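Visitor: Sharing a structure here in structure tokens format.
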Amino acid sequence: MRPGCGSVFGLPTLNPDCQWTAAPTGDADVCTDMCIGHTGRTGHMTFLREFSEVAVVERAQ
């Protein structure tokens, strides 16, 4: 994988009264740990798993 490319994970809570979102990270396990911590503090148990990737495409000569 080229530098500057990779996956980004984010997980906002689906609780309508809460604006919390896990900070963007390239590590799904770190993102999950942030959600576990939020659940422990608030009892919120549902999150929207968001995933995006960046790719650099070069034309072959």
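Visitor: Compute the convex hull volume of the Cα atoms of the chain, divide it by the residue count, and report the result per residue in Å³ as a whole number.
Guide: Considering the Cα atoms of the chain, their hull volume per residue is 85 Å³.
Visitor: With runs of 4+ DSSP H residues as the only contributors, calculate the mean residue ellipticity of the chain at 222 nm using -39,500 (n - 2.57) per run, divided by the residue total and rounded to the nearest 500.
Guide: That calculation yields -8000 deg cm²/dmol at 222 nm.
Visitor: Rounded to the nearest 20 Debye, what is the dipole magnitude of the chain about its Cα centre when Lys and Arg each give +1 and Asp and Glu each give -1 at the C-beta?
Guide: On the way: 4 positive and 7 negative charges, 18 e Å.
Approximately 80 debye in magnitude.
Visitor: Quick one: angle between helix 28-42 and the longest Cα principal axis of the chain, in degrees between 0 and 90, rounded to 10, please.
Guide: The two axes meet at around 20 degrees.
Visitor: Follow-up. Given a 1.4 angstrom probe, what's the average accessible area per residue across the chain, in square angstrom?
Guide: About 76 Å² of surface per residue is accessible.
Visitor: Can you list the HN-Hα couplings for segment 16-25, worked out from phi with the Karplus curve (6.51, -1.76, 1.60; θ = phi - 60°), rounded to whole Hz and with x for Gly and Pro?
Guide: Couplings: x, 9, 10, 9, 5, 9, 4, 4, x, 8 Hz.
The values are calculated or read from the model by the stated rules, or taken from the named source; none is laboratory data. Only a predicted model underlies this, so the values are computations on that prediction, with no experimental measurement involved. When we count neighbours, we look across all protein chains shown, and the Cβ atoms used for this are built from the backbone with ideal geometry, even at glycine. Just the protein is used for accessible areas: all its heavy atoms, side chains included, with ligands, DNA and RNA removed. Shrake-Rupley method; radii C 1.70, N 1.55, O 1.52, S 1.80 Å.
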